[in-house]
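Read through the structure below, which is laid out as structure tokens, and then see the notes.
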Amino acid sequence: TISPPNAFLRCDANRDGRIDLADVMFSVMFLFRGTATPRCEDAMDSNDDGALSIADPIYTLSYIFGGGVIVKSPGTRYPWFDPTDDALTCLE
């Protein structure tokens, strides 16, 4: 699949094209240790509330383990742009 520049998958915090526990760890390391730098804040904003917080990795965990959460656009299957107007960016 060819994706436009700055397109992303929601919940894919580490931008490897998969939604998994590595995304949760990436988010936690960014939030609490400052050792990870997100290339796409929008992808890391799992719950699409316009802020990066502990709620995002928790939301991703709920998605991974079938907690019934609905991942907002652009979703987790096809990379696309964030339709939500917020201050978060996606640089690549």
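Readers should treat all values here as calculations from the given coordinates under stated rules, not as data from a laboratory. Nothing here was measured: the structure is a model prediction, and the numbers come from that model. Don't worry about glycine lacking a Cβ; one is built from the backbone with ideal geometry, like all the others, and counts go over all protein chains shown.
Taken along the Cα-to-beta-carbon direction at a fixed 7 Å, the label points for T76 and I64 span 1.0 nm. Charged neighbours of Y63, selected by a Cβ distance under 14 Å, balance to -2 (K, R count +1; D, E count -1). Among the cysteines of the chain, those with no neighbouring cysteine Cβ under 4.7 Å are C11.
For the range 1-86, the set of chymotrypsin sites (Phe, Trp or Tyr not before Pro) satisfying both a DSSP loop assignment and a count of at most 10 other C-beta atoms within 10 Å is given as F65. Taking every DSSP helix (H) stretch of at least 4 residues in the chain, weighting each as -39,500 (n - 2.57) and dividing the sum by the residue count yields a mean residue ellipticity at 222 nm of -6000 deg cm²/dmol. With N the number of residues in the range 6-73, Rg(Cα) / (2.2 N^0.38 Å) evaluates to 0.96.
How would the range 47-92 be classified by its alpha-carbon gyration tensor: rounded, prolate or oblate, with rounded meaning a/c under 1.5 and the a/b versus b/c comparison settling the rest? Here the range 47-92 falls in the oblate category. The magnitude of the dipole of the range 6-73, with charges of +1 and -1 set on the Cβ of Lys/Arg and Asp/Glu and taken from the Cα centre, is near 120 debye.
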